[in-house]
1. Charges only on Cβ, +1 for Lys and Arg, -1 for Asp and Glu: so what's the dipole of the chain about the Cα centre, in debye to the nearest 20?
2. Calculate one ³J(HN,Hα) per residue across region 91-101 by plugging θ = phi - 60° into the Karplus curve 6.51 cos²θ - 1.76 cosθ + 1.60, and present them in order as whole Hz with x for glycine and proline.
3. Does anyone have the angle between helix 79-88 and the longest principal axis of the chain? Alpha-carbon axes, 0 to 90°, nearest 10?
4. Arrange 126, 29 by Cβ neighbour counts within 10 Å, fewest through most, would you?
5. Could you list 114, 156 so that the one with the fewest beta carbons within 10 Å of its beta carbon is first and the one with the most is last?
6. Please tell me the relative contact order of the chain in percent, rounded to the nearest whole number, where contacts are Cα pairs under 8 Å and at least six residues apart.
7. Rg and Dmax in Å for region 107-150, alpha carbons only: what are they?
8. Can you give me the C-alpha center-to-center distance between region 56-83 and region 95-171, rounded to a whole angstrom?
Amino acid sequence: MKDYKILVLISGVILIANYCSCQIGSDDRLSLQKKPYNGNELKIDGYYYLPDISGNITIYFFYRNGILLYGTGALPSELPNLEKSFKDGQFYSEAKDDKTFWGVFNIDSQNIQFDKWYSDDIGPLRTSIRSGEILNDTTFYISKSSLGNEDETYHFKQFSPKPDSITQFIP
């Protein structure tokens, strides 16, 4: 019986060690450099949204300081409450300490790129650069990602006030 308990204990330690080893490592660094956006290729006095095939709406905020804030995803029926949380600061309070909400973007002529952190729930955060074309000042199309091809058209919605863009993760 004593040997059985030792075997169970050793098996448990091995399982825990294997689980922990998956989480060892550091988060990826953003590949794009933050740089101020002073152009007029895209409006930034609001947010960009993507309605996807499942009915969810994905939101991104872009700021003049080159920061990107992932505004999360929501069903259309949840959008009024989400927008309220953007305005009253509740969303920022929850997002400010979570790296997966933050990234940077660059615009060069009619091209857009953005890089942000993503979680796969087991280990260090990974980054992915997404890129595409600006169609007009209220619409852009993402066609590529470092994870594969994309097919996403984002549209602009004027919105104020936007959540704060100050983050500890991007100097």
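No value in this document is a laboratory result; all are computed from the given coordinates. Source: prediction; values computed, not measured. Cβ atoms come from the backbone with ideal geometry, glycine included; neighbour counts cover every protein chain shown.
1. Approximately 420 debye in magnitude.
2. Those phi angles translate into 4, 4, 4, 7, 8, 4, 9, 10, 4, 5, 8 Hz.
3. For 79-88 against the chain, the angle is about 90 degrees.
4. If I rank by nearby Cβ atoms, fewest first, I get 29, 126.
5. Fewest to most other Cβ atoms nearby, the residues stand as 156, 114.
6. Computed value for the chain: 25 percent relative contact order.
7. Just the Cα atoms of region 107-150 yield Rg and Dmax of 12.4, 38 Å.
8. 11 Å
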